[in-house]
Amino acid sequence: MNIIETLTPFIQIILTLIVLALVYVSIKIAKYVINHMKRFEYNLTFTYLLSDLIKYTIYIIGIIIIFDIFSIDLKGIFVSLGIAGIAAGFAAKDIISSVLAGFFILLDQSLKVGDVMEVNGTKGIIQKIGFRNTTVMRDDGTTVFIPNSALSKTSYIRFKDKEDVKIRLQACIPFEIDLTLFEKEIIENINKNPWVLKTPPSKINSKEIIEEGTVLKIFVWIEDYNKKEEYKLIITNQIHEYIGKKLGE
């Protein structure tokens, strides 16, 4: 007799909780490793795909083990599903198609994280190429999820590497500071950074008055998407230093 079949319900529950805990810990470890890879600027496209692959593999293994603990015959379930199983098969076909398309994107490097692309009228920066979907952020900040299978069936445009990569910043300028002078001098300071593109030019707009001061939105274009957050922090510090200096005068 199989040992699994002799387990009491209490032991089955305990083993299930242990498996769930191991799945949780494994996912956390995988995320730590992936974040470590991002920090050291590994290929982001490969990193995101690897992250999804590890995550789904851990989930599938966990589900199989839990089913085995409760002596549930997966094969019998699929056979008994009948028509529902056929429908599930069609759904699985789309999933497999998206997964394979994702791997082909990785292999031929037709797209990568940070590229600017346009498909079916949607244009934006690729934030992530995942196991099933490619995540694109449009210029207005909205996020669009495009199935990888759609990219394998539809023509898309990949723009040149120096296509606009925009940094968006928001700063509250105290009323004591001259806004006209601030806009002129802070843009000059930002443009001194060698990684800031001269075209399109950096700009400031969307003025809004609040209790603490005037809120401005600052837009800066750069070349290297992978250093976007690093550059954003540098510009933020430049703005804070400027405000601190002016208030101290």
Quick calc: nm separation of the 7 Å Cα→Cβ label points for TYR56 and TYR156 -> 1.6
The size of the Cβ-based charge dipole (Lys, Arg +1; Asp, Glu -1) of the stretch 132-249 about the Cα centre, to the nearest 20 debye, is 740
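Please tell me which of these pairs span more than 25 angstrom C-alpha to C-alpha: LYS153/LYS228; LYS31/LYS153; LYS112/LYS153; LYS217/LYS245; LYS112/LYS192?
Values: LYS153/LYS228 31 Å; LYS31/LYS153 31 Å; LYS112/LYS153 18 Å; LYS217/LYS245 20 Å; LYS112/LYS192 29 Å.
Checking Cα-Cα distances, LYS153/LYS228; LYS31/LYS153; LYS112/LYS192 exceed 25 Å.
Can you tell me what percent of all Cα-Cα pairs in the stretch 165-248 are more than 19 Å apart?
On the way: 1172 of 3486 pairs.
Distances greater than 19 Å cover 34 percent of the Cα pairs.
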Here the FRET efficiency for LYS227 versus LEU181, based on Cβ atoms and R0 = 35 Å and rounded to 0.05, is 0.75
If unit charges are put on Cβ atoms (+1 for Lys and Arg, -1 for Asp and Glu) and the dipole of the stretch 165-248 is taken about its Cα centre, the option from THR180, GLY213, THR199 lying farthest towards the positive end turns out to be THR199
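Each value in this text was obtained by applying a stated rule to the coordinates, not by laboratory testing. No experiment lies behind these values; they were computed from the predicted model shown. All Cβ positions, glycine included, derive from the backbone under ideal geometry; neighbour counts span all protein chains shown.
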